[in-house]
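Just below is one structure, and these are the notes that go with it.
A short reminder: the numbers here are calculations on the coordinates, not readings from a lab. What you are looking at is a predicted structure, and each value in this text was computed from that prediction instead of being measured. Glycine also receives a Cβ, built like all others from the backbone with ideal geometry; neighbour counts cover every protein chain displayed.
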Amino acid sequence: MTKSMEHIQTDVDEYIGQFKEGYFSPLALMARLTEEMGELARDINHYHGEKPKKATEDERSIQEEMGDVLFVLVCLANSLNISLEEAHEQVMHKFKTRDRDRWTKIEDKERT
């Protein structure tokens, strides 16, 4: 089942809402997001870079690490009452207008 970003934000909010502690502060969430991004970078480097994984390191998938990044990002957005769907629309508008001629387009690609 595909979920909208709004549904994902609601899922996370319901999960966090069951705990007295609630969301961490935005600064703490930013630190956690940075930590999770580092773990994602490390795994991408292991699988697609020059740094082999140590035998003592757990096998984790890039997908799992991306899920961790997404969860913390959603927590940060929720804690600041930011709709990630609206944020996505804003950034796509920016890319489609300001950056529309920045990259070389594929000539024969059909646009819908």
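Counting only Cβ charges, +1 for Lys and Arg and -1 for Asp and Glu, the dipole size of the chain around its Cα centre is about 480 debye. Length gained on full extension, Tyr15 to Glu35, computed as 0.36 nm times the residue gap minus the Cα-Cα distance: 5.1 nm.
Using only the Cα atoms of segment 27-72, construct the convex hull and provide its projected area averaged over every direction, in square nanometres to one decimal. Please report the intermediate quantities before stating the final value.
Working: hull surface 13.1 nm².
Computing the convex hull of the Cα atoms and averaging its projections yields 3.3 nm².
Counted residue by residue at 0.36 nm each, then reduced by the alpha carbon distance between them, the extension gain from Glu107 to His48 reaches 18.3 nm.
Using the alpha carbons alone, the radius of gyration of segment 5-97 stands to its Kirkwood radius in an Rg to Rh ratio of 1.05. Shown here: segment 1-53, whose C-alpha atoms stretch 42, 31, 15 Å along the first, second and third principal axes, sorted largest to smallest.
Would you please put 79-87, 29-37 in order of how densely packed they are, using the mean number of other Cβ atoms within 10 angstrom per residue and starting with the highest? Don't jump to the answer; show the numbers that get you there.
Working: 79-87: 13.0, 29-37: 15.3.
Final packing ranking: 29-37, 79-87.
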